[in-house]
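Working notes, structure below.
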Amino acid sequence: MANPASGHDIRRLTSGASVYSAADKVNCVERLLGALGATGVPRVLTMPDRAGIAVRLRKAADLNRRRPGVRWPQVDFIDMPVLEDARDTVRAVCEMRAAGVAMIVVLGGDGTHRAVALASGDVPLATLSTGTNNAFPALGEATVVGLAAGLAATGRIQPALVRNKCLRVTHPSGEAMALVDVGVMPAEHIGARAVCTADAVETVFAAFAQPDAIGLSAIAAACGPVSRSAPVGRWVRLGAGTARLAATSPGLVQAVAVAASGPMQPGEAFALGTRPAILALDGEPEIVLDGRGPACVRLALDGPITLDVAATLAAAHAADALAVTAPQEPAPRDGPPAAPGPTGADRTIAPA
(Lines give C-alpha, C1' and ligand atoms only; values in the text may rest on other atoms or scores of the structure.)
Protein backbone atom coordinates (compact mmCIF):
# COMPACT_ATOMS: atom_id res chain seq x y z
CA MET A 1 0.00 0.00 0.00
CA ALA A 2 1.82 3.09 -1.28
CA ASN A 3 -0.51 6.04 -0.87
CA PRO A 4 0.09 8.44 -3.80
CA ALA A 5 -1.36 11.36 -1.80
CA SER A 6 0.77 10.98 1.33
CA GLY A 7 3.36 13.70 1.83
CA HIS A 8 1.52 16.31 -0.27
CA ASP A 9 -0.92 18.17 2.01
CA ILE A 10 -1.08 21.86 2.94
CA ARG A 11 1.55 21.49 5.66
CA ARG A 12 4.19 21.76 2.90
CA LEU A 13 3.18 25.45 2.78
CA THR A 14 2.73 26.13 6.50
CA SER A 15 5.77 24.26 7.85
CA GLY A 16 8.97 22.55 6.77
CA ALA A 17 7.39 19.21 5.87
CA SER A 18 9.21 17.41 3.06
CA VAL A 19 7.61 16.12 -0.14
CA TYR A 20 7.56 12.42 -1.00
CA SER A 21 7.29 12.24 -4.78
CA ALA A 22 5.97 9.31 -6.78
CA ALA A 23 9.57 8.53 -7.80
CA ASP A 24 10.63 8.43 -4.13
CA LYS A 25 7.83 6.01 -3.31
CA VAL A 26 8.63 3.76 -6.27
CA ASN A 27 12.26 3.65 -5.19
CA CYS A 28 11.14 2.69 -1.69
CA VAL A 29 8.87 -0.06 -3.04
CA GLU A 30 11.70 -1.38 -5.24
CA ARG A 31 13.94 -1.80 -2.21
CA LEU A 32 11.09 -3.48 -0.39
CA LEU A 33 10.35 -5.90 -3.24
CA GLY A 34 14.00 -6.84 -3.59
CA ALA A 35 14.05 -7.90 0.07
CA LEU A 36 10.74 -9.76 -0.23
CA GLY A 37 12.03 -11.66 -3.25
CA ALA A 38 15.26 -12.58 -1.47
CA THR A 39 13.25 -14.24 1.31
CA GLY A 40 11.19 -16.26 -1.17
CA VAL A 41 7.93 -14.28 -1.32
CA PRO A 42 6.41 -15.38 -4.66
CA ARG A 43 3.66 -12.78 -5.18
CA VAL A 44 2.77 -9.26 -4.12
CA LEU A 45 -0.52 -7.39 -4.60
CA THR A 46 -0.52 -3.60 -4.84
CA MET A 47 -3.00 -0.79 -5.38
CA PRO A 48 -3.38 0.98 -8.74
CA ASP A 49 -3.20 4.77 -8.91
CA ARG A 50 -3.11 7.71 -11.32
CA ALA A 51 -0.07 9.44 -9.83
CA GLY A 52 2.51 7.40 -11.73
CA ILE A 53 3.48 4.92 -9.02
CA ALA A 54 1.82 1.96 -10.72
CA VAL A 55 3.27 2.79 -14.17
CA ARG A 56 6.82 3.11 -12.86
CA LEU A 57 6.47 0.04 -10.68
CA ARG A 58 5.35 -2.09 -13.65
CA LYS A 59 8.46 -1.05 -15.56
CA ALA A 60 10.69 -1.72 -12.57
CA ALA A 61 9.14 -5.15 -12.02
CA ASP A 62 9.65 -6.15 -15.66
CA LEU A 63 13.26 -4.96 -15.59
CA ASN A 64 14.23 -6.60 -12.30
CA ARG A 65 12.60 -9.94 -13.05
CA ARG A 66 14.79 -10.20 -16.18
CA ARG A 67 18.04 -9.42 -14.35
CA PRO A 68 20.20 -12.48 -13.70
CA GLY A 69 20.61 -13.36 -10.04
CA VAL A 70 17.77 -11.09 -8.91
CA ARG A 71 14.75 -12.67 -7.23
CA TRP A 72 11.71 -10.45 -7.47
CA PRO A 73 8.18 -11.54 -6.60
CA GLN A 74 5.43 -11.38 -9.18
CA VAL A 75 3.74 -7.99 -8.82
CA ASP A 76 -0.01 -7.93 -9.52
CA PHE A 77 -2.16 -4.82 -9.45
CA ILE A 78 -5.62 -5.08 -7.95
CA ASP A 79 -8.40 -4.68 -10.52
CA MET A 80 -10.42 -1.82 -9.02
CA PRO A 81 -11.63 1.68 -9.92
CA VAL A 82 -9.38 4.57 -8.87
CA LEU A 83 -11.28 7.35 -7.09
CA GLU A 84 -8.19 9.18 -5.79
CA ASP A 85 -9.27 9.38 -2.16
CA ALA A 86 -9.22 7.24 0.99
CA ARG A 87 -11.83 4.90 -0.48
CA ASP A 88 -9.11 3.51 -2.78
CA THR A 89 -7.07 2.46 0.24
CA VAL A 90 -9.99 0.81 2.03
CA ARG A 91 -11.11 -1.00 -1.15
CA ALA A 92 -7.57 -2.24 -1.86
CA VAL A 93 -7.12 -3.56 1.68
CA CYS A 94 -10.45 -5.40 1.47
CA GLU A 95 -9.31 -7.01 -1.80
CA MET A 96 -5.99 -7.97 -0.22
CA ARG A 97 -7.71 -9.62 2.72
CA ALA A 98 -10.02 -11.50 0.36
CA ALA A 99 -6.94 -12.77 -1.50
CA GLY A 100 -5.50 -14.12 1.76
CA VAL A 101 -2.39 -11.96 2.07
CA ALA A 102 -0.06 -12.73 4.97
CA MET A 103 1.16 -9.17 5.55
CA ILE A 104 0.33 -5.63 4.38
CA VAL A 105 3.24 -3.21 4.02
CA VAL A 106 2.08 0.40 4.26
CA LEU A 107 3.91 3.47 2.92
CA GLY A 108 2.39 6.66 4.29
CA GLY A 109 1.82 8.78 7.35
CA ASP A 110 -0.62 8.54 10.23
CA GLY A 111 -3.64 9.22 7.99
CA THR A 112 -2.72 6.51 5.49
CA HIS A 113 -2.15 3.95 8.22
CA ARG A 114 -5.49 4.83 9.77
CA ALA A 115 -7.26 4.23 6.44
CA VAL A 116 -5.52 0.85 6.09
CA ALA A 117 -6.33 -0.10 9.68
CA LEU A 118 -10.03 0.52 9.07
CA ALA A 119 -10.15 -2.58 6.86
CA SER A 120 -7.07 -4.64 7.78
CA GLY A 121 -8.69 -6.69 10.56
CA ASP A 122 -6.13 -9.10 12.01
CA VAL A 123 -3.74 -8.97 9.04
CA PRO A 124 -0.43 -7.61 10.40
CA LEU A 125 0.86 -4.28 9.08
CA ALA A 126 4.51 -3.52 8.36
CA THR A 127 4.80 0.26 8.56
CA LEU A 128 7.00 2.74 6.69
CA SER A 129 6.98 6.52 7.17
CA THR A 130 6.38 8.53 3.99
CA GLY A 131 3.78 11.01 5.24
CA THR A 132 3.65 14.35 7.06
CA ASN A 133 3.03 13.31 10.65
CA ASN A 134 4.60 9.91 11.25
CA ALA A 135 3.91 9.15 14.91
CA PHE A 136 2.36 5.73 14.17
CA PRO A 137 4.53 4.27 11.35
CA ALA A 138 8.11 3.32 12.06
CA LEU A 139 10.96 5.35 10.59
CA GLY A 140 12.82 2.46 8.98
CA GLU A 141 14.62 1.40 5.84
CA ALA A 142 12.40 -0.35 3.30
CA THR A 143 14.99 -3.08 2.67
CA VAL A 144 15.06 -4.07 6.34
CA VAL A 145 11.28 -3.89 6.71
CA GLY A 146 10.94 -6.07 3.60
CA LEU A 147 13.39 -8.58 5.02
CA ALA A 148 11.42 -8.94 8.26
CA ALA A 149 8.07 -8.99 6.46
CA GLY A 150 9.30 -11.60 3.99
CA LEU A 151 10.65 -13.90 6.71
CA ALA A 152 7.30 -13.66 8.50
CA ALA A 153 5.12 -14.07 5.40
CA THR A 154 6.98 -17.17 4.21
CA GLY A 155 6.85 -18.81 7.63
CA ARG A 156 10.62 -18.90 8.08
CA ILE A 157 10.27 -17.16 11.45
CA GLN A 158 7.49 -16.59 13.97
CA PRO A 159 7.06 -12.80 13.74
CA ALA A 160 6.98 -10.46 16.71
CA LEU A 161 3.55 -8.81 16.50
CA VAL A 162 2.13 -5.92 18.52
CA ARG A 163 -1.54 -5.15 19.16
CA ASN A 164 -1.80 -1.34 19.17
CA LYS A 165 -4.02 1.05 21.03
CA CYS A 166 -6.45 3.33 19.20
CA LEU A 167 -9.08 5.97 19.83
CA ARG A 168 -12.73 5.15 19.08
CA VAL A 169 -15.01 8.09 18.28
CA THR A 170 -18.79 7.76 18.52
CA HIS A 171 -20.88 10.53 16.94
CA PRO A 172 -24.41 10.98 15.55
CA SER A 173 -23.39 9.82 12.06
CA GLY A 174 -21.59 6.67 13.19
CA GLU A 175 -18.19 5.65 14.51
CA ALA A 176 -14.60 6.43 13.56
CA MET A 177 -11.08 5.51 14.65
CA ALA A 178 -7.80 7.34 15.14
CA LEU A 179 -4.46 5.63 15.66
CA VAL A 180 -2.62 8.45 17.41
CA ASP A 181 -4.72 11.48 18.32
CA VAL A 182 -8.07 13.24 18.05
CA GLY A 183 -8.12 17.04 18.00
CA VAL A 184 -11.30 19.03 18.72
CA MET A 185 -11.44 22.28 16.74
CA PRO A 186 -14.02 25.08 16.41
CA ALA A 187 -16.36 24.53 13.46
CA GLU A 188 -14.85 27.30 11.30
CA HIS A 189 -11.56 25.38 10.78
CA ILE A 190 -12.82 22.74 8.34
CA GLY A 191 -11.42 24.31 5.17
CA ALA A 192 -7.74 23.45 5.52
CA ARG A 193 -8.13 19.63 5.50
CA ALA A 194 -5.14 19.47 7.85
CA VAL A 195 -4.30 20.86 11.27
CA CYS A 196 -1.60 23.42 10.56
CA THR A 197 -1.15 25.11 13.96
CA ALA A 198 -1.92 24.20 17.55
CA ASP A 199 -4.00 27.35 18.14
CA ALA A 200 -6.72 25.83 15.94
CA VAL A 201 -7.29 23.09 18.51
CA GLU A 202 -9.18 23.25 21.81
CA THR A 203 -8.70 19.69 23.13
CA VAL A 204 -6.39 16.80 22.27
CA PHE A 205 -6.91 13.12 23.03
CA ALA A 206 -3.85 10.89 22.47
CA ALA A 207 -3.65 7.10 22.44
CA PHE A 208 0.06 7.47 23.08
CA ALA A 209 2.34 10.46 23.45
CA GLN A 210 6.00 9.74 22.86
CA PRO A 211 8.61 12.40 23.61
CA ASP A 212 10.00 12.23 20.06
CA ALA A 213 6.61 12.34 18.32
CA ILE A 214 5.38 15.08 16.02
CA GLY A 215 1.85 16.43 15.59
CA LEU A 216 -0.92 16.93 18.16
CA SER A 217 0.31 14.03 20.27
CA ALA A 218 3.47 16.08 20.91
CA ILE A 219 1.31 18.47 22.95
CA ALA A 220 0.17 15.58 25.11
CA ALA A 221 3.76 14.34 25.43
CA ALA A 222 4.80 17.78 26.71
CA CYS A 223 2.35 17.27 29.57
CA GLY A 224 3.65 13.78 30.35
CA PRO A 225 4.81 11.09 27.92
CA VAL A 226 2.71 7.95 27.43
CA SER A 227 4.40 4.97 25.79
CA ARG A 228 2.85 2.90 23.02
CA SER A 229 2.71 -0.13 25.29
CA ALA A 230 1.13 1.56 28.32
CA PRO A 231 -2.60 0.67 28.72
CA VAL A 232 -3.54 4.35 29.12
CA GLY A 233 -3.79 7.49 27.00
CA ARG A 234 -3.78 11.22 27.74
CA TRP A 235 -6.20 14.12 27.26
CA VAL A 236 -5.15 17.78 27.12
CA ARG A 237 -7.30 20.92 27.26
CA LEU A 238 -5.62 23.99 25.79
CA GLY A 239 -6.14 27.41 27.36
CA ALA A 240 -4.76 29.77 29.97
CA GLY A 241 -1.99 27.93 31.77
CA THR A 242 1.62 26.87 31.50
CA ALA A 243 3.00 27.13 27.98
CA ARG A 244 5.04 24.18 26.73
CA LEU A 245 7.05 23.75 23.56
CA ALA A 246 5.79 21.07 21.17
CA ALA A 247 6.79 20.00 17.65
CA THR A 248 3.33 20.26 16.12
CA SER A 249 4.46 19.84 12.50
CA PRO A 250 7.76 19.23 10.68
CA GLY A 251 9.86 22.35 11.12
CA LEU A 252 7.28 23.98 13.39
CA VAL A 253 7.81 24.21 17.17
CA GLN A 254 5.13 26.12 19.07
CA ALA A 255 4.62 27.29 22.64
CA VAL A 256 1.25 25.76 23.53
CA ALA A 257 -0.63 26.93 26.63
CA VAL A 258 -2.19 24.02 28.51
CA ALA A 259 -5.04 24.54 30.95
CA ALA A 260 -5.36 20.93 32.14
CA SER A 261 -4.47 17.36 31.27
CA GLY A 262 -4.99 13.86 32.61
CA PRO A 263 -4.98 10.13 31.84
CA MET A 264 -7.42 8.23 29.63
CA GLN A 265 -8.37 4.80 30.92
CA PRO A 266 -9.49 2.10 28.44
CA GLY A 267 -13.21 2.27 27.77
CA GLU A 268 -13.70 5.58 29.60
CA ALA A 269 -15.96 7.85 27.51
CA PHE A 270 -15.02 11.52 27.19
CA ALA A 271 -18.02 13.60 26.08
CA LEU A 272 -17.24 16.18 23.41
CA GLY A 273 -19.96 18.64 24.38
CA THR A 274 -22.88 20.03 22.40
CA ARG A 275 -21.21 22.89 20.49
CA PRO A 276 -20.55 22.53 16.76
CA ALA A 277 -16.99 21.34 16.22
CA ILE A 278 -14.59 19.63 13.86
CA LEU A 279 -12.78 16.45 14.84
CA ALA A 280 -9.30 15.97 13.40
CA LEU A 281 -8.30 12.32 13.31
CA ASP A 282 -4.52 11.84 13.26
CA GLY A 283 -4.07 15.44 12.15
CA GLU A 284 -6.71 15.47 9.40
CA PRO A 285 -10.15 17.12 9.89
CA GLU A 286 -12.65 14.37 9.16
CA ILE A 287 -15.84 14.70 11.23
CA VAL A 288 -18.22 17.66 11.47
CA LEU A 289 -20.28 17.80 14.67
CA ASP A 290 -23.38 19.99 14.46
CA GLY A 291 -24.11 19.82 18.18
CA ARG A 292 -27.44 18.05 17.69
CA GLY A 293 -26.36 14.73 19.15
CA PRO A 294 -23.93 13.27 21.66
CA ALA A 295 -20.36 12.49 20.70
CA CYS A 296 -17.53 10.98 22.68
CA VAL A 297 -14.03 9.56 22.38
CA ARG A 298 -12.58 6.61 24.28
CA LEU A 299 -9.31 4.72 24.41
CA ALA A 300 -9.42 1.12 23.11
CA LEU A 301 -6.80 -1.60 23.25
CA ASP A 302 -8.00 -3.46 20.14
CA GLY A 303 -6.29 -1.44 17.43
CA PRO A 304 -4.40 -2.81 14.40
CA ILE A 305 -1.64 -5.39 14.63
CA THR A 306 1.84 -4.28 13.52
CA LEU A 307 5.10 -6.07 12.85
CA ASP A 308 7.96 -5.34 15.26
CA VAL A 309 10.77 -5.34 12.71
CA ALA A 310 13.69 -5.24 15.15
CA ALA A 311 12.32 -8.01 17.37
CA THR A 312 11.44 -10.18 14.37
CA LEU A 313 14.92 -9.87 12.89
CA ALA A 314 16.50 -10.52 16.29
CA ALA A 315 14.48 -13.74 16.52
CA ALA A 316 15.51 -14.63 12.97
CA HIS A 317 19.19 -14.28 13.84
CA ALA A 318 18.75 -16.27 17.04
CA ALA A 319 17.07 -19.08 15.08
CA ASP A 320 19.62 -18.85 12.24
CA ALA A 321 16.69 -18.28 9.88
CA LEU A 322 18.83 -16.17 7.55
CA ALA A 323 21.16 -19.02 6.66
CA VAL A 324 21.26 -19.82 2.94
CA THR A 325 22.18 -23.29 1.76
CA ALA A 326 24.49 -23.01 -1.24
CA PRO A 327 24.20 -25.62 -4.01
CA GLN A 328 26.81 -28.34 -3.57
CA GLU A 329 29.55 -28.79 -6.13
CA PRO A 330 29.78 -32.33 -7.60
CA ALA A 331 32.43 -34.48 -5.92
CA PRO A 332 35.53 -35.20 -8.08
CA ARG A 333 35.65 -38.68 -9.60
CA ASP A 334 38.77 -40.78 -10.22
CA GLY A 335 37.27 -43.36 -12.58
CA PRO A 336 35.26 -43.12 -15.80
CA PRO A 337 31.95 -41.24 -15.70
CA ALA A 338 28.88 -43.14 -14.62
CA ALA A 339 26.17 -44.07 -17.08
CA PRO A 340 23.78 -41.21 -17.76
CA GLY A 341 20.56 -41.14 -15.74
CA PRO A 342 17.01 -40.54 -16.95
CA THR A 343 16.47 -37.63 -19.35
CA GLY A 344 13.50 -35.60 -20.35
CA ALA A 345 12.68 -38.25 -22.96
CA ASP A 346 12.44 -40.93 -20.27
CA ARG A 347 10.05 -39.21 -17.84
CA THR A 348 7.86 -36.21 -17.31
CA ILE A 349 9.66 -33.33 -15.60
CA ALA A 350 7.47 -31.56 -13.04
CA PRO A 351 7.30 -27.81 -13.39
CA ALA A 352 9.51 -25.82 -11.00
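The values are calculated or read from the model by the stated rules, or taken from the named source; none is laboratory data. Since we're looking at a predicted model, the values are computed, not measured. All Cβ positions, glycine included, derive from the backbone under ideal geometry; neighbour counts span all protein chains shown. Side chains included, ligands, DNA and RNA excluded: accessible areas come from the protein's heavy atoms. Shrake-Rupley method; radii C 1.70, N 1.55, O 1.52, S 1.80 Å.
Every test in (1) closer than 25 Å to Pro137 by Cα; (2) touching a Lys or Arg at 6+ places or on another chain (Cβ under 6 Å) is passed by Ala260 save one, and that test is (1). Scanning region 250-278 for residues being under 23 Å from Pro231 (Cβ atoms), assigned to a strand (DSSP E or B) and open to solvent by 40 Å² or more (accessible area, probe 1.4 Å) gives a total of 4.
Can you name the residue in region 83-112 that is assigned to a loop (DSSP other than H, G, I, E, B) and within 20 Å of the chain's Cα centre (by Cα) and, of all such residues, is surrounded by the most Cβ atoms within 10 Å (Cβ to Cβ)? Only one residue fits best here, namely Gly109. Across region 50-86, the qualifying residues are those that are touching a residue at least 40 places away in the same chain (Cβ under 8 Å) and touching a strand residue (DSSP E or B) at 6+ places or on another chain (Cβ under 6 Å), and the one among them that is farthest from Ala98 (Cα to Cα) is Ile53.
Please find, within region 49-64, the residue that is surrounded by the most Cβ atoms within 10 Å (Cβ to Cβ) out of those that are in contact with a Pro (Cβ under 9 Å, 6 or more places away or on another chain) and on the phi < 0 side of the Ramachandran plot. Of everything passing the filter in region 49-64, Ile53 is surrounded by the most Cβ atoms within 10 Å (Cβ to Cβ). Has region 248-267 got at least one residue that is under 25 Å from Val105 (Cα atoms), touching a residue at least 40 places away in the same chain (Cβ under 8 Å) and not hydrophobic (A, V, I, L, M, F, W, C)? Within region 248-267, one or more residues are under 25 Å from Val105 (Cα atoms), touching a residue at least 40 places away in the same chain (Cβ under 8 Å) and not hydrophobic (A, V, I, L, M, F, W, C). The residues in region 113-129 that are more than 23 Å from Pro73 (Cα to Cα) and either charged (D, E, K, R) or assigned to a loop (DSSP other than H, G, I, E, B) (or both) can be counted, and the count is 3. Regarding Val288, is this residue open to solvent by 20 Å² or more (accessible area, probe 1.4 Å), modelled with pLDDT under 95, among the hydrophobic types (A, V, I, L, M, F, W, C) and part of a loop (DSSP other than H, G, I, E, B)? Here the answer is no, as Val288 does not meet what is asked. Do you know which of the residues in region 149-177 that are of a type in the set (Gly, Ala, Ser) and either within 15 Å of the chain's Cα centre (by Cα) or open to solvent by 10 Å² or more (accessible area, probe 1.4 Å) (or both) is modelled with the lowest pLDDT? The residue in question is Ser173. Note on region 116-129: residues that are within 9 Å of the chain's Cα centre (by Cα) and open to solvent by less than 10 Å² (accessible area, probe 1.4 Å) amount to 4.
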